[in-house]
Amino acid sequence: MSIELNEQQQMLARMVRDFAEREIRPHYKKWDELEEFPIEVMKKMGELGLLGIFVPEQYGGSGLSYAEYATVLMELGKVCGGIGLSVAAHNSLCTGHLYFHGNEAQKQKYLPKLASGEWIGAWGLTEANTGSDAMRMKTTAVQDGDYWVLNGTKNWITHGLSGDVAVVLIRTGELLDSNGITAFIIEKGTPGFSAVKIKDKLGVRASETAELIFDNVRIPKENVIGEVGHGFKQAMQILDGGRISIASLSCGIARGAFEASVKYAKEREQFGQPIAHFQAIGFKLADMATQIEAAELLTYQAAHKKDTHQAVTKEGAFAKYFASEVSVKCGNEAVQIMGGYGYTKEYPAEKFLRDAKLMTIGEGTSEIQKLVISREILK
Ligand code: COS
């Protein structure tokens, strides 16, 4: 395995960097301030092929590798964690679930729309009372002839409101039966299906988060993904891959915070010289740089294993746990290096810190990653 970016990755990185500088950087403060999800930017990323990154070309995707997907998220994370999170959730959760577990008809129907950005995707596992303990979900689906009837709610769902289609995990069996959960496809506008935006988040505020409400929602049985009862295990596999995407985004946020810190430390003078010349600051930068390199290595290692069809449960958790914690450390150090300026919204440091914090929570907290790792070690 090599972590040298190949030529295609370098081109991709340049393309995403240019896009982010042009279309995201000038506006990210406004989106953050107003908690605005810029759906038009998502559509533009769809045109660039960034919304169906690992979906094969036959379904309208870009047919790229997971390593290339990681590169894209690293570039987006350097500029805006919120936009990066939306791209990650769209690609690896909703689109990924349909691609990896959907049947041919479902793939033909949904993947081209998702990959082009014509449709935005959501994915729902979590409920208000079941975050880490996902299997204890309460939302139910009961079969009624050729239909399933869904009742309950899902919480913290990215694109819950703007999503045109959602993949949702719903209880179809007994509580705590790992074969008692099923994945369903639900389209926006289905009677009884509604959503409410969740406001006042600390970070990733350009990414929309919502509660989903199912009130006697009737779903045709064709919208079951895979076998009835296989949803929990499908979801765990999807999260194995999703965690690599959050690791990638974390690396990007960390690097964004680091680059802003280096620039500031070279420009800011105290005691008659740039603060970068002081060992106290130089060592902070050294720690940040070392940890980011290590996080990127773990992330590309996990992506490589995914690309070569190896198990990634442990490696995805390694990468997600380490990189997300590094992103928080780097965001925190960036604020410290910039001092009073870092504590204001005029400088980017505080946003890196706020965005980074979600990385240690979403798609499994750091504590869940350690649980997953320890279980894998002790197997
Ligand atoms: N891939 C495939 N199958 C898996 C799996 C994986 N990565 N992880 C677990 N499974 C299977 C197990 O093998 C087990 O199968 P059997 O019952 O047939 O033996 C079943 O799923 C249940 O697994 P387990 O007993 O480990 O379930 P637990 O309830 O103990 O919980 C954790 C497992 C905690 C790891 C899981 O609930 C989890 O990841 N929680 C965090 C959820 C999360 O990340 N939420 C954030 C979503 S934001 S988008």
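The values are calculated or read from the model by the stated rules, or taken from the named source; none is laboratory data. A quick note: this is a predicted structure, and the numbers were derived from the prediction, not measured. All Cβ positions, even for glycine, are placed from backbone atoms using ideal geometry, and neighbour counts span all protein chains on display. Side chains are part of the model used for accessible areas, which takes the heavy atoms of the whole protein and leaves out ligands, DNA and RNA. Shrake-Rupley method; radii C 1.70, N 1.55, O 1.52, S 1.80 Å.
Assuming residue 363 fulfils every condition listed in (1) out of contact with any helix residue (DSSP H, G or I) (no Cβ under 8 Å at 6 or more places or on another chain); (2) part of a loop (DSSP other than H, G, I, E, B) apart from one, which condition is it?
Every listed condition holds for residue 363 apart from (1).
Condition check: more than 19 Å from residue 248 (Cβ to Cβ), of a type in the set (S, T, N, Q) and away from the ligand (no atom under 16 Å from the Cβ). Does residue 336 satisfy that?
Values: more than 19 Å from residue 248 (Cβ to Cβ): yes; of a type in the set (S, T, N, Q): yes; away from the ligand (no atom under 16 Å from the Cβ): yes.
In short, yes.
Residue by residue through the range 280-317, note down the ones that are of a type in the set (S, T, N, Q) and within 23 Å of residue 266 (Cβ to Cβ).
In the first step, residues of the range 280-317 are kept if they are of a type in the set (S, T, N, Q); the result is 290-291, 299, 301, 308, 310, 313.
If the condition is that a residue be of a type in the set (S, T, N, Q) and within 23 Å of residue 266 (Cβ to Cβ), then 290, 291 are the ones that fit.
Checking residue 255 against (1) surrounded by fewer than 24 Cβ atoms within 10 Å (Cβ to Cβ); (2) in contact with a helix residue (DSSP H, G or I) (Cβ under 8 Å, 6 or more places away or on another chain), which test does it fail?
All conditions are met except number (1).
Inside the range 140-162, can you point out the residues that are on the phi < 0 side of the Ramachandran plot and either modelled with pLDDT under 95 or open to solvent by 40 Å² or more (accessible area, probe 1.4 Å) (or both)? Steps first, answer last, please.
The initial filter retains those residues of the range 140-162 that are on the phi < 0 side of the Ramachandran plot, namely 140-144, 146-151, 153-155, 157-158, 160-162.
Within the range 140-162, 140, 142, 143, 144, 146, 147, 151, 153, 161 qualify.
Residues are listed down the side, and each one gets a yes or a no for (1) in contact with a Leu (Cβ under 7 Å, 6 or more places away or on another chain); (2) within 16 Å of the ligand (Cβ to nearest atom); (3) among the acidic types (Asp, Glu):
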{"site": "217", "(1), (2), (3)": "yes, no, no"}
{"site": "222", "(1), (2), (3)": "no, no, yes"}
{"site": "242", "(1), (2), (3)": "yes, yes, no"}
{"site": "245", "(1), (2), (3)": "yes, yes, no"}
{"site": "254", "(1), (2), (3)": "no, no, no"}
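I'm trying to understand the selection: among the residues of the range 163-191, which are open to solvent by 10 Å² or more (accessible area, probe 1.4 Å) and away from the ligand (no atom under 14 Å from the Cβ)?
164, 172, 187, 188, 189, 190, 191
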